[in-house]
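The values are calculated or read from the model by the stated rules, or taken from the named source; none is laboratory data. Model, not experiment: these values are computed from the prediction. Counting neighbours? That spans all protein chains shown, and the Cβs are built from the backbone with ideal geometry, glycine included.
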2 protein chains.
Amino acid sequence: MKIQKHAKKVFTGVIFDVYQWEQEMYDGSTATFERLKRPDTIQIICTEGNKIIIAEEEQPGKPRGNTLIGGRQEQEEEPIICAKRELLEETGMVSDDIELFKTYEPYNKIDWKVHVFIAKNCKKIAEQNLDPGEKITVKKVSFDKFVDIVCTEDFWCKEIKIDILKMRLDGTLDEFKKKIFG
Amino acid sequence: MKIQKHAKKVFTGVIFDVYQWEQEMYDGSTATFERLKRPDTIQIICTEGNKIIIAEEEQPGKPRGNTLIGGRQEQEEEPIICAKRELLEETGMVSDDIELFKTYEPYNKIDWKVHVFIAKNCKKIAEQNLDPGEKITVKKVSFDKFVDIVCTEDFWCKEIKIDILKMRLDGTLDEFKKKIFG
């Protein structure tokens with residue numbers, strides 16, 4: 001939900017800021033409502049030829065899992081600029097055909113968006129350049145393998161997982177395949 | 001992820017507490033890690049005859065949507081006790097056949113569990129008794145209708161949605177139906 005305009009910032013964190021306000025309830029009483037704000041997340045479905053590039057990633061205290069290329073948006077950074085930066089850092093690749101696929105808002109109590117981009121025809125121009133808090137193995141997989149991986153328990157990106165499961169049920173996966181390979 | 005034992009609680013909120021600690025990174029440097037802790041959530045799949053009971057719910061600042069019966073666990077409250085309390089408050093019903101179906105941990109950066117229970121043969125013994133911060137219309141739907149509702153965009157409980165979508169794909173919905181109607 002939107003943090004109310006008159007909300008007070010009561011804590012400033014490394015990732016999470018906390019806001020509180022007095023909310024009128026249905027019986028006219030009030031209660032202290034609390035919501036969080038965190039930087040938005042960028043995720044990228046990257047293609048090279050007929051393959052999709054994903055990350056097998058490990059972070060301190062987080063078990064190894066498959067995920068989309070991507071990361072946390074820096075302050076004042078535009079989503080598309082962040083997508084290009086994360087693509088280059090995590091894979092050493094660039095694309096001159098990046099577009100927004102969909103924006104998700106995963107969690108009602110956090111002011112937080114996940115922007116998923118499609119980056120077509122990626123080309124390698126540099127080495128991977130990772131943060132000290134991540135270990136990433138870049139994997140290139142077929143579309144069918146990608147769909148399988150997204151649907152497994154240990155795939156990190158839940159929002160795209162729900163959409164892919166629905167596409168499998170609706171029979172609209174082919175449309176999605178055309179969209180990402182163009 | 002688990003909040004580290006040596007983490008410091010840096011903020012105590014109405015819902016969210018914030019913890020921080022110095023985490024060693026892969027190159028030997030350290031960074032401040034931040035994680036949240038919030039009360040666990042209880043959700044209940046309730047049956048009466050061959051129907052499933054769900055809630056059409058509205059909260060201040062949250063659009064009306066369908067969800068499972070349930071709510072936030074109180075401090076020191078056992079999950080099963082919370083399930084019985086929420087069932088009684090939101091529907092006026094009791095069940096003498098409640099069991100845990102599955103526990104989810106929705107979000108890596110929050111120490112937070114969602115316990116989903118199955119409550120069979122619910123019987124109405126009282127009127128609904130809601131918090132001033134909720135408006136709930138109890139609905140009784142067939143199993144097929146339940147599955148349809150869970151899979152719609154505006155159904156609040158994402159974890160059970162992923163599992164139901166997978167059951168539809170795997171053809172294991174019948175097993176699940178047997179499990180909840182017993």
**Request:** Within the range A:73-93, identify whether any single residue is buried (at least 20 other Cβ atoms within 10 Å of the Cβ), out of contact with any Phe, Trp or Tyr (no Cβ under 9 Å at 6 or more places or on another chain) and either assigned to a strand (DSSP E or B) or not assigned by TED's automatic domain parsing to the domain that holds A:T103 (or both), and answer yes or no.
**Result:** yes
**Request:** Inspect the range B:127-134 for any residue being under 12 Å from the mean Cα position of the chain (by Cα), away from chain A (no Cβ under 14 Å) and either surrounded by 14 or more Cβ atoms within 10 Å (Cβ to Cβ) or of a type outside the set (A, V, I, L, M) (or both) and give the result as yes or no.
**Result:** no
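Yes or no, residue by residue, for (1) modelled with pLDDT under 95; (2) part of a strand (DSSP E or B):
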site: A:M1; (1), (2): yes, no
site: A:F11; (1), (2): no, yes
site: A:V14; (1), (2): no, no
site: A:Q20; (1), (2): no, yes
site: A:Q43; (1), (2): no, yes
site: A:G70; (1), (2): no, yes
**Request:** Hey, could you check the range B:151-166 for residues that are buried (at least 16 other Cβ atoms within 10 Å of the Cβ) and without any contact (Cβ under 8 Å) to a residue 40 or more places away in the chain and say which is nearest to the other protein chains (Cβ to nearest Cβ)?
**Result:** B:L165
**Message:** For the range A:79-93, check the following and say yes or no: at least one residue is modelled with pLDDT under 95 and over 18 Å from the mean Cα position of the chain (by Cα).
**Reply:** no
**Fill in**
For the range A:6-22 the number of residues that are at the interface with another protein chain (Cβ under 8 Å from one of its Cβ atoms) and farther than 20 Å from B:L36 by Cβ is 0
**Asked** Limited to the range B:62-113, what total is found for residues that are within 12 Å of chain A (Cβ to nearest Cβ) and closer than 20 Å to B:D131 by Cα?
**Response** 5
**Prompt:** In the range A:25-47, what count of residues is obtained for those that are more than 7 Å from chain B (Cβ to nearest Cβ) and not basic (K, R)?
**Reply:** 12
**Item:** Single unsatisfied condition, A:E57 versus (1) part of a loop (DSSP other than H, G, I, E, B); (2) within 14 Å of chain B (Cβ to nearest Cβ); (3) farther than 26 Å from B:K135 by Cβ
**Value:** (1)
